Each structure stands twice: as structure tokens, then as C-alpha cells.
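Reviewing the structure listed below.
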Amino acid sequence: MNDHTDYDAIVLAGGAARRLGGADKPALSVGGRPLLDRVLAACPDAACTVVVGPGRPTARPVVRALEDPPGGGPLAALEAGLRHTTAPVVLVLSADLPFLTAATVHDLLAAATAGGPGPGGGAAPRDGAMLRDASGRDQPLVAAYRSGPLRRELARLRAGHGTLSGLPLRALWAELVLERVPDDRSTASFDCDTWEDIDAARARIREHGTVLDEWITAVKAELGIELDVDTAALLDLARDAAHGVARPGAPLTTFLVGYAAGQQGRDVQELTDRAAALANRWAAEAEGTGGTEGAARSGGATGDEAKPAE
């Protein structure tokens, strides 16, 4: 459960991906993880997560759904997903958002459930909230909707057109009161429609300043662990072990810290600090500067000079 409200999540993972030559887009890897799994990682606290599209393996359990007819478009897929949800708010996401985070999801949920101006100037709930990228484009597939108004609008569209198949997304929010949540750097809203987009996403995660966090996140996902890791502290520990003990001591020491944290349920930061202090004591001994010994070596008399005069 997040800090804002109960919600279900619907991830739209169908589509022909024509601009990708028909490739299975949600299964394409960015940072060693399928795009679909990266999106699922951003909404781990959803009460129910529905993936609409062909069956694929996922890193965590989901409910499967398929629009009728298959390939009927996003509104038909959304209706298929809604049949499996019961929460008052529904998070709606496309399956090709490599940089979506839980923080952005929670921002959307908070905006969707906040009160807005109602009749007579009083407070009234909004119908939802969607992301708006840096260019000012609305992102209806990075959005949180109140389930009541969402179901109402889908029913209205079906009644008016006889079907939802082939209808454009913009038809959905014409009658909905939606808050816009800015994505000033177009990061969370970055989607992968072309091979150029895939290449750009793969390059972005390797940029200096982000690559280590991306790598640690990928490793934790692969190993199925949720341990919080202070990357900077572990790197400092590795440096101390490499310089003060021996170069191979760096990876072995950080491994042992993680092992101890996992086995004993202890705080990683505490274990990191203790191991770093040990490495520094080890180095101090090698340099002859540890504690009172260091003071004696630097300032005290030794040898014949230390003997009393006869």
C-alpha cells in the first residue's frame, strides 16, 4: 500500500509495434530487463496488476487479460483490463516506459485523489491525473484515473460508437477532469516506439551518474531482493579495502557485507561502517600509524635515546 490510496494497475502490453518491425516490444531488453518488467517495478504496491496483451513471463505475478477483438486498440484493451479491477483508482500505463519510477506513480496517485474546484467553488475530486511531458504533450498512458468516471466514459463511448475497437485515446479524456503532472525532463514519459528510442534508452542507462544505480537495481531485480543499497558508501568501502588491504579485498568485502545483511537482517549502513573502520585500522597498522603506536612512532624516542642516562 502506498501513502495515498488503494489502486489497481493496468499495463497495456499489446499492439503490433509496426515501427519496430513487429518485434515483441514489451519483451525488449533495456538495462538487461524487459521493458514490461521495468514498468511493473514502478507499481509494486498495486492491489491488483493486470497486463493486457499476449502472455509473457514477468518478474512478478500479474493477472492476464486480452482485448476483444485482439488488436482492437488501447480503449478496448483498457476496458478488458478494467474487468479485473476493483480499486477506486486505476493506474494506466503503457509497457514501454523504461524510466518510469515509483515516485512518479505516487505523484500521479496523489494528484488524482486530491480535491479540485467543484460547483460553487467548493472542493470536488478530480477524475484523475496524467503526466505531461516537457513539450506540453499529455500522456494518457502514464496516468491515474478514478475508476468510476473511467468506466462511465468507456461505457459512453461504447454506446455512442457501438464499439471501442479502433477509437483514439483522445476520445477518452474529453469529458474527464484531469490534473496534469509535469514531467519537466520527459524522463518518466519517455517511451520506446522505434529502434532509435530503444538505442537511446540503452545508452541513457549507461551514462555517468546513472549507470551504477541502474546496475544495482537490475541486480536486485534479477536476484529477487529488496535490500536498500547505499552505492556511494559501498564504493567507499571497496576503495578502503582495495587500498588498505589488497585489491581483491574490495569485491569480497562488499559481498560479505551483503551476505551478513541478508543472513542476519542487519542494517547495511551499520555493517558498511564497521567494515570500513576495520579496513582503515588494517591500513593504519601497515603504515605504523594506528592509535598510540602511531603517536609513539611519530613523536616518541626509540632505541638508545629512550634509555635513561647512567
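The values are calculated or read from the model by the stated rules, or taken from the named source; none is laboratory data. Fair warning: this is a prediction, and the values are worked out from it, not measured in the lab. Cβ coordinates were reconstructed from backbone atoms using ideal geometry, including for glycine residues, and neighbour counts include every protein chain displayed. Side chains are part of the model used for accessible areas, which takes the heavy atoms of the whole protein and leaves out ligands, DNA and RNA. Shrake-Rupley method; radii C 1.70, N 1.55, O 1.52, S 1.80 Å.
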Length gained, residue 239-residue 19, 0.36 nm per residue minus C-alpha separation, equals 74.6 nm
If you take the charge dipole of the chain about its Cα centre, with +1 on Lys and Arg Cβ and -1 on Asp and Glu Cβ, which of 268, 141, 113 is farthest toward its positive end?
141
To the nearest Å², the heavy-atom accessible area per residue of the chain with 1.4 Å probe amounts to 54 Å²
Report the label-to-label distance for residue 220 and residue 232 in nanometres (one decimal), using points 7 Å from each Cα along the Cα→Cβ vector.
1.7 nm
Comparing 79, 153, 287 in a Gaussian network model of the chain (Cα, 10 Å), the one with the largest mean-square fluctuation is 287
In region 209-246, GluC sites (Glu not before Pro) in a DSSP loop with at most 14 other beta-carbon atoms within 10 Å
226
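Assign one of three labels to region 14-67, namely rounded, prolate or oblate, based on the Cα gyration tensor with a ≥ b ≥ c the square roots of its eigenvalues; rounded applies when a/c is under 1.5, prolate when it is not and a/b is larger than b/c, and oblate otherwise. Intermediate values should be presented prior to the final figure.
On the way: a/c = 2.45, a/b = 1.35, b/c = 1.82.
In terms of gyration-tensor shape, oblate.
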Quick one, which of [x] 17; [y] 43; [z] 38 is the actual percent of Cα pairs over 32 Å apart calculated for this model?
[y]
With labels modelled as points extended 7 Å from the Cα through the Cβ direction, what inter-label distance (nm, one decimal) is found for residue 211 paired with residue 56?
2.6 nm
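Per the 1.4 Å probe, what fraction of the accessible area of the chain, in percent, lies on carbon and sulfur atoms?
Working: 8980 of 16770 Å².
Taking all protein chains in place, the chain shows 54 percent carbon and sulfur surface.
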Which residue fluctuates most in the GNM of the chain (Cα springs below 10 Å): 284, 238, 188?
284
Quick one: putting +1 on the C-beta of Lys and Arg, -1 on the C-beta of Asp and Glu, what dipole do you get for region 130-263 around its Cα centre, in Debye to the nearest 20?
580 debye
Of the beta bridges DSSP finds with both residues in the chain, what % are antiparallel, to the nearest 5?
45 percent
For residue 30, distant residues with modelled amide H under 5 Å away:
35
Could you work out how far apart the two model spin labels at residue 84 and residue 135 are, taking each label as a point 7 Å from the Cα in the direction of the beta carbon, and quote it in nm?
3.2 nm
Positive-end extreme of charge dipole, the chain - chosen from 99, 233, 172 (charges on Cβ):
172
